[in-house]
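The values are calculated or read from the model by the stated rules, or taken from the named source; none is laboratory data. Since we're looking at a predicted model, the values are computed, not measured. Every residue, glycine as well, gets a Cβ built from its backbone with ideal geometry; the counts of neighbours run over all protein chains shown.
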Amino acid sequence: MLYSRCSEVDEKFWLDLAQADPEDIRRRTGVRRDRQVFRVPCFNRELVADLEEQHIFLADAPDAEPGFRRCLITLLYLLLIDTAALGPPLSPLELPGATMFFQKSGPHALPNAPLEDLFGRDPAGLAAAGRRLEAASRDKGDLALAFQVFPGLTVEVILWQADDEFPAQVSFTVPSQLDRFWQLDAVLGLLGVVVEEILLAASPTTA
């Protein structure tokens, strides 16, 4: 990954957020601005976006590095997403332009491989990580979990476990119409954050 730290997010996003209408953000996302701060539910935790410091941190771990992708998608969520306009779940490969953008390998690969490697024969481990992140169950595959990344923005992770004939397979869904608000590289960043959170939740002693 080219960028890794929250401080590497383009300052323009911060400037745009500082100038954005707080009432419009509240209407679109339900998140309120309190002076120079937004408090954004993220999975089972809370992110604090501090406009003055141009920094995002976890409310319960303020000294921890939140990472470039988590900061970027938080800003893009507040700036652009209208949750009421998002539709039912679909594969990210069904978004316009996705078959050209997403690749089987390289920087534009969907991040399913780490989950297949870790949980391909251990769906109970994925279910346990899902419980720690307060994911909801879905009736798909051998195991499916819906993660509310931000209010109104849910990503599903669907596992078909490995057997003697077929390898494990993990797929994702994102809300339809997400492409109205985000480019595909932001969608890929969103999926990367989901996978990071699951892997951390699967190893709570290292989180």
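Residues are listed down the side, and each one gets a yes or a no for (1) within 30 Å of R32 (Cβ to Cβ); (2) among the small types (G, A, S); (3) out of contact with any His (no Cβ under 7 Å at 6 or more places or on another chain); (4) touching a residue at least 24 places away in the same chain (Cβ under 8 Å):
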{"residue": "A128", "(1), (2), (3), (4)": "no, yes, yes, yes"}
{"residue": "K140", "(1), (2), (3), (4)": "no, no, yes, no"}
{"residue": "G152", "(1), (2), (3), (4)": "yes, yes, yes, yes"}
{"residue": "I158", "(1), (2), (3), (4)": "no, no, yes, no"}
{"residue": "E165", "(1), (2), (3), (4)": "no, no, yes, no"}
{"residue": "Q169", "(1), (2), (3), (4)": "no, no, yes, yes"}
{"residue": "P175", "(1), (2), (3), (4)": "yes, no, yes, yes"}
{"residue": "L184", "(1), (2), (3), (4)": "yes, no, yes, yes"}
{"residue": "L200", "(1), (2), (3), (4)": "yes, no, yes, no"}
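When segment 78-116 is examined, which residues are found to be of a type in the set (F, W, Y) and under 26 Å from A201 (Cβ atoms)?
F102
For segment 40-55: of the residues being part of a strand (DSSP E or B) and under 15 Å from the mean Cα position of the chain (by Cα), which is nearest to Q148 (Cα to Cα)?
The extreme case among them is C42.
Rundown of residues vs (1) under 22 Å from L200 (Cα atoms); (2) in contact with a helix residue (DSSP H, G or I) (Cβ under 7 Å, 6 or more places away or on another chain); (3) surrounded by 16 or more Cβ atoms within 10 Å (Cβ to Cβ); (4) not assigned by TED's automatic domain parsing to the domain that holds L145, yes/no style:
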position: D16; (1), (2), (3), (4): no, yes, no, yes
position: Q19; (1), (2), (3), (4): no, no, no, yes
position: D34; (1), (2), (3), (4): no, no, no, yes
position: V37; (1), (2), (3), (4): no, no, no, yes
position: E52; (1), (2), (3), (4): no, no, no, yes
position: F57; (1), (2), (3), (4): yes, no, yes, yes
position: G67; (1), (2), (3), (4): yes, yes, yes, yes
position: R70; (1), (2), (3), (4): yes, yes, yes, yes
position: L76; (1), (2), (3), (4): no, yes, yes, yes
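Out of everything in segment 111-134 that is within 13 Å of I158 (Cα to Cα) and within 16 Å of the chain's Cα centre (by Cα), what residue ends up being surrounded by the most Cβ atoms within 10 Å (Cβ to Cβ)?
Ranking the candidates gives L115 first.
Looking at (1) among the acidic types (D, E); (2) modelled with pLDDT under 95; (3) surrounded by 21 or more Cβ atoms within 10 Å (Cβ to Cβ), can you tell me which one D164 breaks?
Evaluating D164 over (1) among the acidic types (D, E); (2) modelled with pLDDT under 95; (3) surrounded by 21 or more Cβ atoms within 10 Å (Cβ to Cβ) leaves (3) as the failure.
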